[in-house]
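Chemist: Sharing a structure, written as structure tokens. Questions coming.
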Amino acid sequence: MKTRSIVGLAALFIVTAAAMAEGPLLTPMPDQPAAPDFELTGPEGTVYSLDSMRGKPIIVNFWATWCPPCRAEMPSMQRAWEQVEGEGILIMAVNVGEDAATINEFTKTVRVDFPLPMDLDSKVTQRWPMRGLPTTFVVDPEGRLVYQAQGERDWDDPELLDLVRALKR
């Protein structure tokens, strides 16, 4: 029974995200609410806390290996990470509902050097204002949600990265 609901949710996420992918590179967040904090463990055992990363812009992506647009945008996120890693900009991709073995299998074929914290029970994901996967937020150095991108993006696009760079203190 649980598998059916996850598959149904997966279809909804993918259809919703694909429909929303057209439009601006990043959509400004109204009222710039505080980003919901989390403490999640990555597949390698490292614990990631959003609040501990304040002071830098952070790109926070929500994804899953079963989501084709999520898989498709991951190489561009890696290329973006390679560009901004030394600039004081962080990237992390929160995996929704999958375990370390599943993520490690994915990263055998797709190189990912930035953090991949796991939201095993989707409780963190439910606290963020999103409607589908992939969804990505840009958090400013003060911890506010300033931009959102629903659907697949080319994260190494210079214009998109310049929006994030502009948030640096």
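The values are calculated or read from the model by the stated rules, or taken from the named source; none is laboratory data. What you are looking at is a predicted structure, and each value in this text was computed from that prediction instead of being measured. Reconstructed Cβ throughout: ideal geometry from the backbone, glycine too, with neighbour counts over all protein chains shown. The accessibility values were calculated without ligands, DNA or RNA, using every heavy atom of the protein model including side chains. Shrake-Rupley method; radii C 1.70, N 1.55, O 1.52, S 1.80 Å.
Chemist: How high is the relative contact order of the chain? Use alpha-carbon pairs under 8 Å, at least six apart in sequence, and give a whole percent.
Modeler: Rounded, it is 36 percent for the chain.
Chemist: Report, to the nearest whole %, how much of the accessible area of the range 18-169 belongs to carbon and sulfur atoms, 1.4 Å probe, protein only.
Modeler: That share works out to 49 percent.
Chemist: Let me ask you something else. Leaving out ligands and nucleic acids, note down the accessible area per residue over the range 22-169 with a 1.4 angstrom probe, in whole Å².
Modeler: The answer is 45 Å² per residue.
Chemist: Give the relative contact order (percent, whole number) for the range 93-138; include only Cα pairs under 8 Å separated by 6+ residues.
Modeler: Relative contact order of the range 93-138: 48 percent.
Chemist: Which one of M130, G151, A35 has its Cα pushed farthest toward the positive end of the charge dipole of the chain, where Lys and Arg give +1 and Asp and Glu give -1 at the Cβ?
Modeler: Of the options given, the answer is M130.
Chemist: While we're looking at this one, here's another question. Grab the beta carbon distance between A72 and S52, set R0 = 35 Å, and tell me the FRET efficiency rounded to 0.05.
Modeler: The formula returns an efficiency of 0.70 here.
Chemist: Considering only DSSP beta bridges where both residues belong to the chain, give the percentage that are antiparallel (nearest 5).
Modeler: Bridges in the chain are about 70 percent antiparallel.
Chemist: Still on this structure, please answer the following. Considering only protein heavy atoms, what is the solvent-accessible area of T41 at a probe of 1.4 Å, reported in Å² to the nearest 10?
Modeler: 60
Chemist: While we're on this one: Among the aspartates and glutamates, select those whose C-alpha is under 17 Å from the C-alpha of K56, and discard any that sit fewer than 8 residues away in the same chain.
Modeler: Cα-Cα hits under 17 Å: D37, E82, E85, E87, D140, E142, D162.
Chemist: Take each of the peptides 119-131, 70-82, average the number of other beta-carbon atoms within 10 Å over its residues, and list them starting from the highest.
Modeler: Averaged packing, sorted descending, gives the order 70-82, 119-131.
Chemist: Something else about it: So how far apart, in nm, are the two label points at D37 and K123 if each is 7 Å from Cα heading toward Cβ?
Modeler: About 1.5 nm, to one decimal.
Chemist: Tell me, what does the Kirkwood hydrodynamic radius of the chain come to in angstroms if you use every pair of distinct C-alpha atoms?
Modeler: Hydrodynamic radius (Kirkwood, Cα only) of the chain equals 15.9 Å.
Chemist: Follow-up question, since we're still on this one. So which helices of the chain fit the span-like rule, where a helix is a whole DSSP H run, its Cα atoms reach 24 Å or more along the axis, and its mean Kyte-Doolittle is at least 1.0?
Modeler: The qualifying helices are 2-20.
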